[in-house]
Structures are given as structure tokens and as C-alpha cells.
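Read the structure below first, then the notes.
The values are calculated or read from the model by the stated rules, or taken from the named source; none is laboratory data. Note that the structure is a prediction, hence the values are computed from the model and not measured. All Cβ positions, glycine included, derive from the backbone under ideal geometry; neighbour counts span all protein chains shown. For accessibility, only protein heavy atoms count, side chains too; no ligands or nucleic acids. Shrake-Rupley method; radii C 1.70, N 1.55, O 1.52, S 1.80 Å.
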Amino acid sequence: MGDTAVPVLSTHDLARTLEFWRTLGYTVTHEQHKPYVYGALRAHDCEIHYYGAPATGHERQASETAACLIMVDDIAGRHRDFTAALRERYGKMPTNGFGRITRFRPGQTRFSTVDPDGNWITYIQAGEPEEVEYGGSAELSGLAKVIDNARILRDFKDDDKAAERALEAGVRRHGADAGRKDLARAYAALAELAVALENPAKADARRADLAALSLTESERAELAGELDAADDLAAWLDADGR
């Protein structure tokens, strides 16, 4: 057997942290509060440990949080399991702050869990290509390049607001010269981001922009995954899973 690395993250409330991971299907294998705080969890032959961080007031400092990577055999299945567990526990999908998971789009190879203390645990599909496409392709230009860069902000940096700003600026700058399919992709992405940012009025406006393009059936079929992203996200966020 080779070496095994165990991430050890900090927490200011061990009981809260362990309960979060229990919700996601982890088993608590160790919990102590004296003479010092320490806890351990295990699932799928993988362990995560926590130690009690020094008290620093009510707000977590950026320097206190950490991150780790966990390779899994079925990334989509793991996200489905976590989604079901969180919805059952909270009645809805937590989308902001700590104690949540990031959303997952078809074709993605990773997603992140943000624990109640702000640590990021990123789950990655085993065998993910070594050269992950992080945007900035020299082969793209205009609105297509903006869409690609916004994808990185949304899917890898979990910064929906920055992705929305980039797309809105890109449409203003390149919209008049962009092809219909790129405009459709941009409006569809903006609709999804508006859903994520809990702005239904803006989501409806972007859906209206999309409908006004009058895409052909073949164009709709080609872009189906992107065009349905906003509705798919709304269904994922819905408390009843509709």
C-alpha cells in the first residue's frame, strides 16, 4: 500500500462541521473537544480531519481557510448524492455563503463543497485530462471569447457576479457583430447566472432576448444543453426538485 495523505482543516465549531459532513454521508470516526478540539470523518475510503482553530472573533479570515482535492470515480453521481442529501436536510439547496456545494453542469469534471467554516473541498473526476481548458483560447475572438472566459469565472472560480459582468459587457461590445448562435449562448448563460444570483426579473428578460432570436430547430438542437441551463439550474435549486 502506498502513502495516504489526510487533509486537516480548521474549524471554529466542530459539532456544526461534523453535522454538515454527516448530512453528506460521511461517518464521524473521531470527535473530541478536550484537551483540544479534533475531529475525523470518513467516506468512500477517504478521510477528512479538522482541528480547532484559535478564536479570532466572529468573522473568518481568508488566511484561516484552506482547500483540498478529492479524486472520485463518478463525479456526476457524487454531486447527485450530495444534492439529494442537502435538499432532504434543509428543504432547499443552500446557494450562498458557507455550508453548500457548487452547481454542476453536464460535461464538468469537478465541483466544490464549501464547509461551514469556508474551507473548499473540490471533488474531481478521476482521469480528468491533465490539460484542463481554463479559457483564453487564442482560437476564439469577440463574443465567443467572452463566453469562454465567463465560463471559467462561473465554473472554476465560482464567481457568478464577475461572469455576469463580463457577459453583459461582452454583449454590449460585440453583440452587433456576433453571430446568432453566440448571442444565444450569451443570453442563455446570462439567464442561468440570473437564476443563480436570485434575480428572476433579469432571468426572464434574458429568456425574452433569447426567444427574440428565433433560432431554427437545428440551432436549438445544437445548443440544447446551453439553452436549457437556466431551467435546469432552477429545477436543481427548487425545494421539491421539480
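So what is the calculated 222 nm ellipticity per residue for the chain, using -39500 (n - 2.57) for each DSSP H run with n of 4 or more, over all residues, to the nearest 500 deg cm²/dmol? Display every interim value, and only then the final one.
Working: 9 runs with 104 residues, N = 242.
That calculation yields -13000 deg cm²/dmol at 222 nm.
Name the longest site-free stretch of the chain, where the excluded sites are GluC sites (Glu not before Pro) in a DSSP loop with no more than 13 other beta-carbon atoms within 10 Å.
The answer is 60-129.
Of the accessible area of the chain, with the probe set at 1.4 angstrom, what percent is carbon plus sulfur?
49
Dipole size in debye (nearest 20) for the chain around its Cα centre, Lys and Arg Cβ +1, Asp and Glu Cβ -1?
600
Among the trypsin sites (Lys or Arg not before Pro) in segment 153-205, which ones are in a DSSP loop with at most 13 other Cβ atoms within 10 Å of the Cβ? Mind listing them?
Answer by residue number: Lys157.
What is the chain by shape, rounded, prolate or oblate, if you read a ≥ b ≥ c off the alpha carbon gyration tensor as root eigenvalues and call it rounded for a/c under 1.5, prolate for a/b larger than b/c, and oblate otherwise?
On the way: a/c = 2.16, a/b = 2.04, b/c = 1.06.
In terms of gyration-tensor shape, prolate.
Given the whole protein assembly as supplied and a 1.4 Å probe, what does the accessible area of Ile75 come to in Å², nearest 10?
Accessible area, nearest 10 Å²: 10 Å².
Per residue, how much accessible area does segment 74-185 have with a 1.4 Å probe, in Å²?
With all protein chains present, segment 74-185 gives 52 Å² per residue.
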